[in-house]
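The structure appears right after this line, and notes come after that.
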Amino acid sequence: MDQLITVIEAETELVRAGKLAEAGELQPEKANLVSVYMRGMTFVRDHAVALGNLAPGAVEALKRRHGEFQPILRVNLAVLSTAREVSDTLMRKVAEGAGATRAPTTYGPAGTAPRAPTLADGISINRSL
């Protein structure tokens, strides 16, 4: 769980700093650690009575650590959700801008006939944002 928390906190900080490519590089490690965590939690759930009888102190420590993990995970999910929302909004605005120039018009400025529509221009994305 400690390794998973470390990776999640690192991902949160990278996304907050706008270093999305670096945050993406953590994904394979994060996926592996989540898998290990889920298997461990399934084992604990399936053997809760035996673990409670054999190692009550360890069970309490695990509950405490799990309680500390939840707020860290909530912050991470909020940061990722915000980054996704910003990205979606940006792409929507770019698409609206590109589409707006191709909208047909009846008359141009000063009553002149409109020019033929031009092909869409290329779109550039700054990945450092």
Identity of the residue in region 48-65, small (Gly, Ala, Ser) and in a helix (DSSP H, G or I), that ends up farthest from residue 2 (Cα to Cα): 50
Any hit, region 31-42, residues being in contact with a Leu (Cβ under 7 Å, 6 or more places away or on another chain), under 30 Å from residue 84 (Cβ atoms) and not in a helix (DSSP H, G or I): no
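Within region 6-25, identify whether any single residue is of a type in the set (Gly, Ala, Ser) and over 14 Å from the mean Cα position of the chain (by Cα), and answer yes or no.
Looking through region 6-25, none of the residues is of a type in the set (Gly, Ala, Ser) and over 14 Å from the mean Cα position of the chain (by Cα).
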Residue 84 being under 29 Å from residue 24 (Cα atoms) and basic (Lys, Arg): yes
Tally of residues being more than 22 Å from residue 82 (Cβ to Cβ) and surrounded by 11 or more Cβ atoms within 10 Å (Cβ to Cβ) across region 20-30: 1
Residue check, residue 33 within 30 Å of residue 1 (Cβ to Cβ) and modelled with pLDDT of 95 or more: yes
Residue in region 76-85 that is within 12 Å of the chain's Cα centre (by Cα) and either outside any helix (DSSP H, G or I) or hydroxyl-bearing (Ser, Thr, Tyr) (or both) present: yes
Meets criteria (in contact with a helix residue (DSSP H, G or I) (Cβ under 8 Å, 6 or more places away or on another chain) and without any contact (Cβ under 8 Å) to a residue 24 or more places away in the chain) for residue 85: no
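The values are calculated or read from the model by the stated rules, or taken from the named source; none is laboratory data. Please read these numbers as outputs of a predicted model, since none were measured by experiment. All Cβ positions, even for glycine, are placed from backbone atoms using ideal geometry, and neighbour counts span all protein chains on display.
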